[in-house]
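*Asks:* Okay, handing you the structure first.
The numbers here are math on the coordinates, done by the rules we state, and not lab data. Model, not experiment: these values are computed from the prediction. Here the Cβ is made from the backbone with ideal geometry for all residues, glycine too, and neighbour counts use every protein chain on show.
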């Protein structure tokens, strides 16, 4: 059994840094903009990458649950286009950035992050679905 102390920390750090730089944070959508898009027919695909319990406790209406650790396996379910990128979110950002980075590495494009993630959505009192 390999313990944590045997992990190559510099290699792990470089890998995570590379993944985060691939994910980028420049392509974001504000919570207010996403909320206004919920009423339209062309609502983007919204992906909640949190845990099952977090998702069940309340998620953005219409969001599809794909945990961050399963995004590669379920990438074919993520439908995007130039006109309608998919929006990824988690509780505060870390898992969504990781999911976006993983999806970018396998060629998925047109992905956005929800600015402020679920913390901001909830703080604004925006609707939740259970």
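*Asks:* When a footprinting reagent is the concern and you count Cβ atoms within 10 Å, what order do 50, 130 take, fewest first?
*Replies:* Values: 50 22, 130 7.
Going from least to most buried by this count: 130, 50.
*Asks:* Taking the Cβ-Cβ separation of residue 69 and residue 128 as r and a Förster radius of 35 Å, what is the calculated FRET efficiency to the nearest 0.05? Walk me through the intermediate numbers first.
*Replies:* On the way: r = 23 Å, r/R0 = 0.67.
Computed FRET efficiency for residue 69 and residue 128 comes out at 0.90.
*Asks:* Let me ask something additional. Sorted from fewest to most neighbouring beta carbons within 10 Å, what does the list 65, 59 look like?
*Replies:* Final ranking by Cβ density, sparse to dense: 65, 59.
*Asks:* Here's a follow-up. Any idea what Rg and Dmax come out to for the range 87-130 if you just take the C-alpha atoms, in Å?
*Replies:* Here Rg and the maximum Cα pair distance are 11.7, 35 Å.
*Asks:* Ok, one more. By counting other Cβ atoms within 10 Å of each Cβ, how are 82, 27, 129, 54 ranked from fewest to most? Intermediate values should be presented prior to the final figure.
*Replies:* Numbers: 82 7, 27 13, 129 10, 54 17.
Final ranking by Cβ density, sparse to dense: 82, 129, 27, 54.
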